[in-house]
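Right, one structure below, let's go through it.
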Amino acid sequence: MSNLTDFFGKASKRVAGKSPHGQPAFVAITTGSSSSPNMLTIFDHALNGIKVNKAITNDNPNYGTQFWQNGSWNYTGTPNANPAYMGGHGVANNGYLGNSSIGMANSDVSGTYNVRPPRHNYRYVGYSSRLVGANIGIQQNYAISTGLTGSGGIAFIRSCPRSVSRVIAGIANVGGTYGSTRDAVKVQTVGMMTAGNYVLMSGGFSYNQQSGNAVIIERDNASNDSLWRPVLIKNFPDPAKYVSDQTAWGAAITAVTSTASNRVVGVGQNSTNISSRGTQGRNDGKVILCDNNDVVMMHPWGTSGVRIERWRWNESNNNWDAAGTPTTYSWNTISFSTGEESGVNFTQSLDGKTAIMMIQGYYTSTGYRMTMVDVATGNVKSYMTNDSTHSYAFIPLGASGFLAHKSLNASSAGLRVELFSWDTMHTDPTVDYFSAGFQSGPWGFYDNFLDVGSTSTAYPAVVPITDVDNVAIVLAEKGEI
Amino acid sequence: MKPTLNDLGYVTCESYGEIEAPEDCTSATVFRFRRVDDAWVDAFPDDDDASFLDSYNALNESWAVAEQKASLIPVIKSEAARQIEALAWKIERATEVDAINNSNTLATVYAERAAIRAASNAHEEALDDITTLADLREFNPIGF
């Protein structure tokens, strides 16, 4: 029997692939100057360079520069100067949905010669990191939207194709109103969220493909200081099977929750200093449901920090133990305080065994706070770097790894990246480092590892490519194809 | 801890630099220091550890504004050049008309070009007056 049965049950039959790792992994975008255009350099999952291309097809590179400045990022300048509602080109913009700023044609920037890269409407891309749920596992061809924070009968989730536009559709005045709100599952109506004046955390949904369970994060909306708590739904209908039919998904969920034993309400988060949680912390966050039902949650804290909480599942009690002492880190202003800005983002390895929750550490896009979660055990490792100038990104690479990028000057030094995985971080991959809190970033980001198409850039950006056959890459690394 | 410094000697990142930070610094408090004449000095002596970040943020915004303004000036100039170049056909036509009719329609076209240059200069001055990122975000460099 295949050693991949833990992914598929009975292993899928696949024909031999030619080169799973030849699929594109990410694009490095390097800025142009008056003498050279903006360039795209594409790398595959083996870190081979695939292609170098001009980013902007026009006669005047300055128009390309202008696009980036007005459109989505200003990566010719310090990343913290990016538009507030964007999340810049750092971790908030580069997650499971790819890069929020690049995805589809929609531009408000005029310019006679511009042929621009496709991207989303600049006003709303920041929403995507806040709204996306975490569907943990190897099936990564769909996404979950949680909508903006909604209380009572308004709160919804949607299983949808993996794109920013599909995830943000249905929020106020974006992507339609009546049609898109019906194209969703109301979590209270289907029996997931507690009846009454309860609120669903925006981004507070996770489905674990291994266990077939789901969790939502809810709190009593009667008080600003009410505690977030997890609600486990066992035997949850697989979202991947209902991408085109929310009505059927809702009916299937209702059937599950009608059996009382399928729904377990956990205890609230740790109440320490809860009055300092702040507006964004009582609206948004991200949650990872592990294979063993452990729940790890990250949410903004005040106006300058993040907090990580974890509930360990106690099988003998059929419920979680009390949330442990949280780990909180605050430093400086983070721009997550208004409606259209980004929030806690997430990504996962291509094998779905390691999840990352992450947010910028300074204003819109520089620095980072990130928490890695070993999905099998619920163990945690957290890292941070205080940085007011450079953005960072964490991009899945290969079956179980990630690429870390820092937007350092690439002139004559190439792209500053490092490779890492759960097993390579800290000293012992089997140990839980939750109580250690956020450790200062361990990466060196040394020179001359990856070359880029243009070496004149001060603040290069990297963009993850999401439309790949991740299963083939996982199989290839296990010798299955 | 070896912080990264900018050209002015201020700390912009807690790590990845070459010079060891002052003793007892944390990842947070290292941002209050500045490197001057090969020595660390307190860049915000009037602020305590709880409040110096407000001053730091204001300073950081001023750097970002200056950086972006510098990058936008070539965009304004390029747009002016594009608009001026777009009038080439008018100059050719006016030159021919004036040769035939002994007129001076060329002066009108030249006046259009002068107006473009004036608008471009005014736009650069408007850019120069901007002091906040919020205002900079509303500024369209080719909007003249």
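Accessible area of the stretch B:27-106 with a 1.4 Å probe: how many percent of it is carbon plus sulfur?
C and S fraction of accessible area: 53 percent.
For A:Gln439, the amide hydrogen comes within under 5 Å of the amide hydrogens of A:Ser382, A:Tyr383, A:Met384, counting only partners 5 or more places away or on other chains and with H modelled in the peptide plane.
Look at the dipole of the stretch B:1-139 built from charges on Cβ: of B:Phe33, B:Ser71, B:Ile19, the Cα furthest out on the positive end belongs to B:Ser71. Length gained on full extension, B:Ala70 to B:Ser103, computed as 0.36 nm times the residue gap minus the Cα-Cα distance: 7.6 nm.
Once the mean 1/r over all distinct Cα pairs of the stretch B:12-143 is inverted, what Kirkwood radius in angstroms do you read off? It would help to have the intermediate numbers written out before the result.
On the way: mean 1/r = 0.0521 Å⁻¹.
One decimal place: 19.2 Å for the Kirkwood radius.
Round to a whole number: what % of the accessible area of the stretch A:319-429 belongs to carbon and sulfur, probe 1.4 Å? Carbon and sulfur atoms account for 49 percent of the accessible area of the stretch A:319-429.
To the nearest whole number, what is the average tally of beta carbon atoms from other chains within 10 Å of the beta carbons of peptide B:24-32?
On the way: counts 0, 0, 3, 9, 5, 0, 1, 6, 0.
Per residue, the number of nearby Cβ atoms from other chains is 3 on average.
Rounded if a/c is under 1.5, else prolate if a/b beats b/c, else oblate: with a ≥ b ≥ c from the C-alpha gyration tensor eigenvalues square-rooted, which is the stretch A:392-481?
The shape class here is oblate.
Simple rule: put +1 on each Lys or Arg Cβ and -1 on each Asp or Glu Cβ in the stretch B:1-141, find the dipole, and look at B:Leu106, B:Ala43, B:Leu136; the Cα lying farthest toward the positive end is B:Leu106. Distance between the modelled labels on A:Ser271 and A:Thr427, one decimal in nanometres: 3.8 nm (7 Å Cα→Cβ projection). For the stretch A:360-370, backbone phi angles converted through the Karplus equation (6.51, -1.76, 1.60; θ = phi - 60°) give residue-by-residue couplings of 5, x, 8, 6, 8, 7, 9, x, 6, 10, 9 Hz, Gly and Pro being listed as x. Once the Kirkwood radius over Cα pairs is known for the stretch A:124-267, the Stokes-Einstein relation at 4 °C and 1.567 mPa s delivers a diffusion coefficient of 87 µm²/s. Overall shape: prolate for the stretch A:302-393, with the ratio a/c of the largest to smallest alpha carbon gyration tensor axis at 1.5 or above and a/b above b/c.
Straight-distance candidates among the aspartates and glutamates for linking to A:Lys381, with alpha-carbon spacing under 19 Å and chain neighbours fewer than 8 residues away dropped: A:Asp291, A:Asp294, A:Glu309, A:Asp351, A:Glu418, A:Asp423, A:Asp428, A:Asp432.
A Cβ-based charge dipole, computed about the Cα centre of the stretch A:212-260 with Lys and Arg at +1 and Asp and Glu at -1, lands at about 140 debye. The three principal axes of the C-alpha atoms in the stretch B:21-79 carry coordinate ranges of 51, 26, 20 Å, sorted with the longest axis first.
Selection among A:Ser223, A:Leu148, A:Ala252 by position relative to the dipole of the stretch A:147-300 gives A:Leu148 as farthest towards the positive end (Cβ unit charges, Cα centre). Positive contributions from Lys and Arg (+1) and negative ones from Asp and Glu (-1), summed over other residues with Cβ under 13 Å from the Cβ of A:Pro24, come out at -2. Site pair B:Thr131 and B:Ile19 shows an inter-label distance of 3.0 nm when each label is modelled 7 Å from Cα along Cα→Cβ.
Computed with a 1.4 angstrom probe on protein heavy atoms, the B-A interface buries about 2600 square angstrom of accessible area in total.
Of all complete DSSP H helices in chain B, those with a Cα span along the helix axis of 27 Å or greater and a mean Kyte-Doolittle hydropathy of -0.5 or more are B:52-85, B:105-129. When the C-alpha to C-alpha distance is required to be over 28 Å, the pairs from A:Lys18/A:Lys286; A:Lys51/A:Lys241; A:Lys186/A:Lys241; A:Lys186/A:Lys286; A:Lys186/A:Lys234 that qualify are A:Lys18/A:Lys286; A:Lys51/A:Lys241. Stokes-Einstein D for the stretch A:313-468 at 25 °C, 0.890 mPa s, Kirkwood Rh over Cα pairs, in µm²/s? Calculated translational D: 145 µm²/s.
Annotation: per residue accessible area for chain B equals 55 Å², rounded to a whole number [probe 1.4 Å, protein chains only]. Placing a pseudo-label 7 Å from each Cα along the Cα-to-Cβ vector at A:Ala255 and B:Lys2 gives an inter-label distance of 6.2 nm.
Counting only Cβ charges, +1 for Lys and Arg and -1 for Asp and Glu, the dipole size of chain B around its Cα centre is about 1100 debye.
The Cβ shell under 13 Å around A:Tyr383 holds other residues with a net charge of 0, Lys and Arg each +1, Asp and Glu each -1. The tail of the calculated P(r) for the stretch B:64-127 beyond 21 Å holds 38 percent of all Cα-Cα pairs. Residues whose amide H falls under 5 Å from that of A:Phe26, counting only those 5 or more places apart or on a different chain, are A:Phe43, A:Ile465, with hydrogens built in the peptide plane.
Backbone phi angles across the stretch A:187-199, fed through the Karplus curve with coefficients 6.51, -1.76 and 1.60 (θ = phi - 60°), yield HN-Hα couplings of 5, 7, 4, 8, x, 7, 8, 4, 5, x, 8, 10, 10 Hz in residue order; Gly and Pro are listed as x. Local charge for B:Ile73 was computed over the other residues whose Cβ lies under 10 Å away, with Lys and Arg +1 and Asp and Glu -1, and equals 0.
The values are calculated or read from the model by the stated rules, or taken from the named source; none is laboratory data. Because the structure is a prediction, the values reported are computed rather than measured. No Cβ is skipped: glycine too gets one built from the backbone with ideal geometry, and neighbour counts run over all protein chains shown. Ligands, DNA and RNA are excluded from the accessible area calculation, which covers all protein heavy atoms including side chains. Shrake-Rupley method; radii C 1.70, N 1.55, O 1.52, S 1.80 Å.
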